[in-house]
Amino acid sequence: MSEPGGTCSDAALLIRADGAIIEYSLARPRISIGSSDGNDIVFQDETVSPFHAEIVRCSAEDFRIRDLGSAAGTFVDDAAVKNERALKPGNVVRFGNVKCFFLAPLGAKSPITQRRWRRVLGYVLALLLLASFLLIDRWVDRIRSKSPRAHQAAKVDFTTPRSTTSEAPASWFHGEVCARLAGNSAPSSSRADASFSIAPHRCEG
């Protein structure tokens, strides 16, 4: 027979009686429930059959409840147990008019907690996705804003004439040739002695 008590690390059925909370441990592989003294958990209530139901522990966190043909029925969260049903943390189990609360062992997560964590995870993923879109959009705008400046800096104005270093020596040499032909002066520098190939030039005077 399962005595009231148990540890927090074990699964348990909690029942409120006479203003106090009584805890029945579910540490054994199979727990029978009924009004007869031969059960592991005994509820002295007229709506509870002698051998009302049983709870089977299939694994560390897998608990299943079975109705044994009781007259008043077995219910989990107000849903009748026809043959067998899995118990989840936080389920309200009722044997006839006796209402109990299923306490899961440490480490087990209740369906409410799981739903909350899934919802929070969904919100976090949505925020991360939105932030990534905003960052990509800002990055594209930055690239577009820099592109015209780069193209403008790379443009070369071919309409403005450029001066080359060969223009000055050519004009100087043409002046020297015209001076010689006119017989005005001798070569002004040693550049006159160098041989150049020049195009025909017309000297005035």
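The values are calculated or read from the model by the stated rules, or taken from the named source; none is laboratory data. Please read these numbers as outputs of a predicted model, since none were measured by experiment. Cβ sites come from the backbone with ideal geometry, for glycine too, and all protein chains shown count toward neighbours. Please note that ligands, DNA and RNA were not included when accessible areas were found on the heavy atoms of the full protein model with its side chains. Shrake-Rupley method; radii C 1.70, N 1.55, O 1.52, S 1.80 Å.
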### Message
Please give me the summed charge of the neighbours of V76: other residues whose Cβ is under 12 Å from its Cβ, Lys and Arg +1, Asp and Glu -1.
### Response
+3
## Note on the structure
Expressed in nanometres to one decimal, the distance between label points 7 Å along Cα→Cβ at I22 and D45 is 1.1
### Query
For region 1-102, which whole percent of the accessible surface, found with a 1.4 angstrom probe, sits on carbon and sulfur atoms?
48
### Per-selection metrics, region 1-99 (Cα): Rg and Dmax in Å
12.3, 33
